[in-house]
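Only one structure is covered here, and it is reproduced in the block below.
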Amino acid sequence: MEKPQITRPEDACGKGFDKVFAFLREQFLAGAIKPGDRLTPERELCQRLGVSRPVLREALRALAMIGVVEILHGVGTIVRRPDVSVLGEFFAFALAQRADMTDDVMQARIAIECQAIRLACQRATLADIERLRGALDHIRSTIDDPTAGAEADHAFHDAMVRASKSETLLCLYQAMGEVLRQSHRDRRDLVRRYGNMKDHVAQDHERLFQAIVARDERNADDILRKHFAIGDEYRRRAALADPSAPT
């Protein structure tokens, strides 16, 4: 395999660590280096970037921790496809400290899922439909089980985003995975508290499934937004009844 040609960017600035990150980020975005490629040897990179070897190695170790590269002794530094679950852990820790986390995450979720379901209506394959059908069956069978039910809810919405065939939407969605799972658990606690929510949960997911099968983008979007609005209303009702309850 021909080694990717790397040249030093003229506008590289800042501390050495930041310089290495900025340079490699631009190389990834430009497509100059791809998964499976081996980076230029450390000595040459140090010379081209004007940084010391310890600084370069520190930056590469940081990249290795998030799965961007793999450092193989005797081989070199190999470019890898990052595992999005690492980003998910970052989201979970970063967002958990925010007082408005739930509302903020829900807005992001609505934006992602409403676009995803429109794309799913266009692009869903038979395999996607079967995956959604299985998730829907699981929702029905776990309607009285808060823990399993929360996982079933998450699996359905995850399958819906997968059916969009948008790698970017799926990456963002999966990065929020742990936070979203918590929102599903909170919602299932509301189902246990407000029995009439069971009907909404089962019926809404059935209607979402049917809209995707019918490839009805407008109806799917409308059902999904109402689904979120109903959950939001019950959540606010619970918060007013018990200010200490999670919102």
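The values are calculated or read from the model by the stated rules, or taken from the named source; none is laboratory data. Owing to the predicted nature of the structure, the values given are computational and were not obtained by experimental measurement. Here Cβ is always computed from backbone atoms with ideal geometry, including for glycine, and neighbour counts include all displayed protein chains. SASA here: full protein model, heavy atoms, side chains in, ligands and nucleic acids out. Shrake-Rupley method; radii C 1.70, N 1.55, O 1.52, S 1.80 Å.
Any lysines with Cα under 26 Å of the LYS34 Cα? List them, leaving off those in the same chain fewer than 8 positions away.
Result set, ordered by chain and number: LYS3, LYS15, LYS19, LYS165.
Each residue of the stretch 169-178 in order: what ³J(HN,Hα) in whole Hz does its phi give by Karplus 6.51 cos²θ - 1.76 cosθ + 1.60, θ = phi - 60°, with x for Gly and Pro?
After applying 6.51 cos²θ - 1.76 cosθ + 1.60, I find 4, 5, 4, 5, 5, 5, 5, 8, x, 5 Hz.
For the stretch 11-81, what % of the accessible area comes from carbon and sulfur atoms, probe 1.4 Å?
On the way: 2290 of 4230 Å².
Answer for the stretch 11-81: carbon and sulfur cover 54 percent of the accessible area.
Between ARG53 and ASP216, what's the calculated FRET efficiency when r is the beta-carbon distance and R0 is 51 Å? Round to 0.05.
Working: r = 59 Å, r/R0 = 1.16.
Efficiency at R0 = 51 Å is approximately 0.30.
Taking 0.36 nm per residue of separation and subtracting the Cα-Cα distance, what length does fully extending TYR194 through ILE230 add? Intermediate values should be presented prior to the final figure.
On the way: separation 36, 0.36 × 36 = 12.96 nm, distance 1.21 nm.
Full extension of this stretch gives 11.8 nm more.
What lysines could a cross-link reach from LYS198, if we take a straight Cα to Cα line under 21 Å and drop same-chain neighbours fewer than 8 places away?
Within the straight-line limit of under 21 Å, LYS198 reaches these lysines: LYS226.
Spelling out what I want: for every residue of the stretch 123-133, take phi, set θ = phi - 60°, compute 6.51 cos²θ - 1.76 cosθ + 1.60 (Karplus), and round to whole Hz; glycine and proline get x.
Residue by residue, the stretch 123-133 yields 10, 4, 8, 4, 5, 5, 4, 5, 5, 5, 4 Hz.
Sorted by mean Cβ packing within 10 Å, highest first, what order do the peptides 126-133, 187-194 take? Walk me through the intermediate numbers first.
Values: 126-133: 14.9, 187-194: 17.4.
For the peptides 126-133, 187-194, the packing ranking is 187-194, 126-133.
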